[in-house]
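Following: one structure in C-alpha cells, then a few remarks.
The values are calculated or read from the model by the stated rules, or taken from the named source; none is laboratory data. Small disclaimer: the values here were computed from a predicted structure and weren't measured. Neighbour counts are summed over all protein chains in view; Cβ atoms, including those assigned to glycine, are modelled from backbone coordinates with ideal geometry. Note: areas computed on protein heavy atoms with side chains; ligands, DNA, RNA excluded. Shrake-Rupley method; radii C 1.70, N 1.55, O 1.52, S 1.80 Å.
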Amino acid sequence: MLTPRFGELLIGLAAVAGLAPASAHGAIPNSLVLNEVNTVSGSKYLDNGNADSTFGRVEGNGQNWMEFLVVQGDPKPGAGFKNTLDLRGWTMHWSYDKDNLHGSVGSGDITFTNDPLWAAVPRGTIITLSEWSDVWYDKATGTRDGGYDGFGVLHGTAFNSATDMYIGSSPSTPTVDPHLYTTDTSWDPAANGGGANGDWHIHVFAGEQNPDTSYKYFNFSGSVTTTSGTFAIGTEDGGLFAANNDNWQYTITDAQGNVIQGPYGEQDTGLGSTWRVSSTEILRLEGRFNGDQPQSIYLDTNITDYADGSESTFGKPNVWSSGAGHQGLDGLQNWLQMGDANLDGQVTSADYIIWRKNLGSAGGWLQGDFSGDKTVDMADYDVWRAHFGATSPSGGAALGATTVPEPQSFALLALGVVVLSWRPEYCSSRRRLKRN
C-alpha cells in the first residue's frame, strides 16, 4: 500500500498560500535549526562501538548527512505564528578549512527548491538530507543519477546492490540502510499509535532529480579544493555538500537573506563555539523542546546547546549520555489535534470535508486517516467527531457552537468551506427544486 506523500499536505494549505514565494515577514531566529550532523570520516566508525539507530554500525556512519528540525511556523499578519513553515528559497551555507591537512578547503550552499513539499512544513517535523556519493554519481558514465521519489519512481540509472549498497572499498563491508538513497516524503503523526511514536520524519536523498535532471528538493552550489585541484559542487570529486570535523561551520538564512541560525562552527573558527567534533563523532542539539518549557524558549537555541557525541539517531529525536538524555519534541508537536486533517490546529468542518472526500480510500493523516490504519473509514469519522471543536494551544481563537455534520450527507456552500448539518427538510426542498 502506498504511503501518501508528505507533499499532499498542500490540500487546503498550498491553495491558500497560492504557492507564492516564501513569507516576506522578518526572520524568526531558530525557526529552523540544525538538529544533528554526521562528522564521522568515511574510513572510520562512530565512537565507542556505537551504532546509529537507522544505519547500524558502518564505516562513515552513513557518509554525509544532516538533520534539520522545524521549530516554529511563519509569522501571522499582526501577531502569532502559523503551525507550518514555508522553506522555499531558504539556504544553508557551509564551509570547512582543513588547515591541518594540506590546506584543503570547501564551501557551498544547500538551498530548498520551490517544490510544493517545502511550502508548508509542519512545526515539529524532522527533515534529513543524505548524500550517498556512489549512488547519486555514476562513475561509469560520468553523469548524475537520480533517486527514488515517494512513490518509488526512478530517475536516473538503476541501482546495483552488488556495487552501490555498501560503504568502503568492497561489498564485504556492511550494507547501508535504504534511507540513504530513497526519498521518503510521507508524514503520518498517527502512525504507531501517534504521539512521540508517530511519523514526524521526512527524508530527502540529495541526488533526487526531476525528469529534466534538475534537482528536485535541494539545489547545491560551491566548490572544494584538495591537493588534486579545485572541483565544483555537483561533480564526483566535489560532491553535493560537505559535513566534517575540519573547522566546519554553517549559517541558515531565509528566502530574503535574513539570518535564521548561525554562524556557528567549531571551537577554533573564532565564532565562540564551545564544542569541537572529532572524526568519530556527530554534532547534535541537546536539550530544549521539552513539553514543560514555554514556547518562547524554542526560539532561544544557542551554541551552548550543541555538543559533540558518540551516539547517532538519524531521523529521530536526539539521545545522549547513554540514553539518560533524550530530546523530547512533544512541546513542538502538541499543536496537532486528532481529527485535524488540514493542520490548522483546530478540528472543524473543513477537516470533515477532507475525510468525506477520501472515505473508502487508502490514505494517511492528511487524507483523514486519524486512526493510523492507512484506510480512511468510519473509525476515523468517530475520531474526528470525538474531537470536533478542539483547539490546540497555538491554534486559532476558540470555536463557537457548531453542529457536528453526520457522515451520511453534507452540502457545501460557496467555495465549499461550510458544511451544513444534515436535515431531512433541507434534502426534501432540494428534491422539489430538481423536479421543478
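Points worth noting:
- Screening Gly60 on (1) touching a Gly at 6+ places or on another chain (Cβ under 8 Å); (2) without any contact (Cβ under 8 Å) to a residue 60 or more places away in the chain; (3) more than 26 Å from Thr391 (Cβ to Cβ) shows it passes everything except condition (2).
- Selection within region 204-246 - surrounded by 19 or more Cβ atoms within 10 Å (Cβ to Cβ), more than 18 Å from the chain's Cα centre (by Cα) and among the aliphatic types (A, V, I, L, M): Val224, Ile233, Leu240, Ala242, Ala243
- Residue in region 406-420 that is open to solvent by 30 Å² or more (accessible area, probe 1.4 Å), in a loop (DSSP other than H, G, I, E, B) and modelled with pLDDT of 55 or more present: yes
- Any hit, region 185-203, residues being crowded, with 18+ Cβ neighbours inside 10 Å, of a type in the set (Asp, Glu) and at pLDDT below 85: yes
- Residues satisfying the stated conditions in region 351-378, i.e. in a loop (DSSP other than H, G, I, E, B), charged (D, E, K, R) and within 23 Å of Ala196 (Cα to Cα): Asp369, Asp373, Lys374
- Here Leu336 meets each of (1) modelled with pLDDT of 70 or more; (2) among the aliphatic types (A, V, I, L, M); (3) over 30 Å from Tyr381 (Cβ atoms); (4) part of a loop (DSSP other than H, G, I, E, B) with one exception, condition (3).
- Considering region 370-388, the residues that are at pLDDT below 90 and over 20 Å from the mean Cα position of the chain (by Cα) include one that is nearest to Met338 (Cα to Cα), namely Phe370.
- The condition of being closer than 28 Å to Gly323 by Cα and not acidic (Asp, Glu) holds for only one of Thr125, Thr91, Thr111, Thr84, that being Thr125.
- First in region 256-273 and closer than 21 Å to Asn38 by Cα and open to solvent by less than 70 Å² (accessible area, probe 1.4 Å), second anywhere and at pLDDT below 55 and not in a loop (DSSP other than H, G, I, E, B), Cβ under 9 Å, 6 or more apart: Pro263/Thr269
- Matching residues in region 64-96 - criterion: being part of a strand (DSSP E or B), more than 21 Å from Ser133 (Cα to Cα) and open to solvent by 10 Å² or more (accessible area, probe 1.4 Å): Pro75, Phe81, Thr84, Thr91
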